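Trainee: I'd like to ask you about the structure that follows.
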């Protein structure tokens, strides 16, 4: 897992994870690897007991893609998504690496 030191890059990633749906998506993708979007919706509903429509998840996925966190692509006539940046955004204790 990469620790982001650059504040501009960290801000971009934080924006990409700036909603609980997007945090849920990142956690699922970390566990599952690539997954069809329809299965991602099912997994969110199963794990977190949250309902999300296909249209709603598409908006969240595009924000994550714009931030450089995920890749969206077509395979076997399905839209797939996978995590491309597994990052740690927040490390506030003292602000230094060794604290």
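The values are calculated or read from the model by the stated rules, or taken from the named source; none is laboratory data. In this text the structure is predicted, and so the values were computed from the model without any measurement. Cβ sites come from the backbone with ideal geometry, for glycine too, and all protein chains shown count toward neighbours.
Trainee: What tally of residues in the range 20-41 results from selecting those that are under 12 Å from residue 61 (Cα atoms), modelled with pLDDT under 95 and more than 10 Å from the chain's Cα centre (by Cα)?
Mentor: 0
Rundown of residues vs (1) assigned to a strand (DSSP E or B); (2) under 13 Å from the mean Cα position of the chain (by Cα); (3) at pLDDT 95 or above, yes/no style:
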residue	(1), (2), (3)
44	no, yes, yes
50	no, no, no
62	no, yes, yes
74	yes, no, yes
81	yes, yes, yes
91	no, no, no
94	no, no, no
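Trainee: Could you list, in sequence order, the residues of the range 1-36 that are more than 29 Å from residue 76 (Cα to Cα) and in contact (Cβ under 8 Å) with a residue 60 or more places away in the chain?
Mentor: Within the range 1-36, 1, 2, 3, 4, 10, 13, 14 meet the criteria.
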